[in-house]
1. Which pairs do you get when a residue that is on the phi > 0 side of the Ramachandran plot and modelled with pLDDT of 90 or more, found in the stretch 78-97, comes within reach of a residue that is of a type in the set (Val, Ile, Thr) and surrounded by fewer than 20 Cβ atoms within 10 Å (Cβ to Cβ), reach meaning Cβ atoms under 7 angstrom, with the pair 6+ apart or on two chains?
2. Residues to consider are ILE284, ILE234, ILE253, ILE267; find the one that is modelled with pLDDT of 95 or more and either surrounded by fewer than 21 Cβ atoms within 10 Å (Cβ to Cβ) or under 21 Å from CYS307 (Cβ atoms) (or both).
3. May I ask you to list the residues in the stretch 141-173 that are part of a strand (DSSP E or B) and touching a residue at least 40 places away in the same chain (Cβ under 8 Å)?
4. Between residues in the stretch 28-49 that are surrounded by 22 or more Cβ atoms within 10 Å (Cβ to Cβ) and residues that are assigned to a helix (DSSP H, G or I) and among the charged types (D, E, K, R), which pairs lie under 6 Å by C-beta distance while being six or more apart or on different chains?
5. Report those strands (runs of 3 or more DSSP E) wholly inside the stretch 1-72 carrying at least 1 residues which are more than 16 Å from the chain's Cα centre (by Cα).
6. Name the residues in the stretch 61-104 that are aromatic (Phe, Trp, Tyr) and within 18 Å of LEU49 (Cβ to Cβ), would you?
7. Going through LYS238, LYS285, LYS301 one at a time, which residue ends up being outside any strand (DSSP E or B) and in contact with an Asp or Glu (Cβ under 9 Å, 6 or more places away or on another chain)?
8. Identify all residues within the stretch 213-227 that are at negative phi and either in contact with a His (Cβ under 8 Å, 6 or more places away or on another chain) or surrounded by fewer than 17 Cβ atoms within 10 Å (Cβ to Cβ) (or both); write none if there are none.
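The values are calculated or read from the model by the stated rules, or taken from the named source; none is laboratory data. Everything quoted here is computed from the prediction, not taken from an experiment. Note that we place each Cβ from the backbone using ideal geometry, even for glycine, and neighbour counts take in every protein chain shown.
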Amino acid sequence: MEIIHETILEVNINRLKSNFNYLKGKLKDKTKIIAVMKAYAYGHGDIILAKKLEEFGVHALWVADFEEGGHLRKSGIHIPIIIANSGTKSAKKIIENKLDVVIYNFKLLQLYGELNEEICIHIKFNTGMNRYGFNPKEIKLLAKVLLKYPKLKVQSICSHLAATDNPKKDEFTNKQCLIFDAICTAFFQEIGYEVDRHILNTNGVLRFVKNEYEMVRLGIGLYGVADDNHLEQISTLKSVVAQVRNITKGDQIGYNASFVASTDMQIGIIPFGYADGLNRKLSIKNGVVIINNRHCPIIGKISMDSCIVDLRNTATNAGDEVIIFGTENTVLSIAKKLETIPYEIFSTLNRRIKRVYSC
């Protein structure tokens, strides 16, 4: 396939499969895996990855809203697609596309129940994150209301762990798991039957696998980002050097003339900026790109559609390849530098970046 785009995100399907198999290997054979595909599969492109994960044996996909879910269903995905934030206005589209919904408050329960349609639902409980979910004290009322709507088919109950990646919060995580255990026991007793349970995310599988229950939800680990050397980042973000420029001592560079050359130097202009997902906090030597196996600092302020790098000590020409992130200069290392998380970096990648898939 001829690549005509200057900037591409290369996504390696073999690494995706390897990550999936590694995480799956930590689970019991019967444990069902839900793959989290929110935000355009964390910026990687959802349709191709969803189809591959379906081939690998994923039980279901987890997305944010009905648009993401409908998009995947219309692409030919057959496995369950679970809408985490269904809202109150999208019920018709959810039913049309045969999507599952997460129910996390009584308003949603009543809304979907009164539609009198057969809908697969997943009940979410709050175990301490205090975001979405029914509180434990609401179990009796929840069961009573739920039993009024026999066409709502409960597929699972779930909760969300807040701090599985932080060993300093392990006591809190263990407390969440204990609360979820108690919720499950009480809820099953009230409704008179049992369903699948899930609370673990990627770091939960890596660090709290004893709490896997019947299902787990895997997100960032599938894309190869976690504190585990067996997981490989599946994507490499590449661009090119659009122009090489020689400047002299005292020349000023970029918006606000934020960089002043202390000596004669050579610079490169890269057609990739903050609108593409390059965080402006990487400006003024805080960030680097890799050109011809050398780390080239970003100098000056990052612009909307471009950035400027220091080419000193490199033999670089216009058209040379630029690695913005990859197996070297990883997303995890960039996130630490920015004091943020890899999720933010991936999810802010502009869709105008061409996604290219390889094995």
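1. none
2. Being modelled with pLDDT of 95 or more and either surrounded by fewer than 21 Cβ atoms within 10 Å (Cβ to Cβ) or under 21 Å from CYS307 (Cβ atoms) (or both) holds for just one of ILE284, ILE234, ILE253, ILE267, which is ILE267.
3. Answer for the stretch 141-173, where residues must be part of a strand (DSSP E or B) and touching a residue at least 40 places away in the same chain (Cβ under 8 Å): LEU152, VAL154, GLN155, SER156, ILE157, CYS158.
4. Once the first residue is surrounded by 22 or more Cβ atoms within 10 Å (Cβ to Cβ) and sits in the stretch 28-49, its partners that are assigned to a helix (DSSP H, G or I) and among the charged types (D, E, K, R) give MET37/ASP46.
5. 8-12, 32-36
6. The answer is TRP62, and nothing else.
7. The unique qualifying residue is LYS285.
8. GLU214, MET215, VAL216, ARG217, TYR223, ASP227 - these are the residues of the stretch 213-227 that are at negative phi and either in contact with a His (Cβ under 8 Å, 6 or more places away or on another chain) or surrounded by fewer than 17 Cβ atoms within 10 Å (Cβ to Cβ) (or both).
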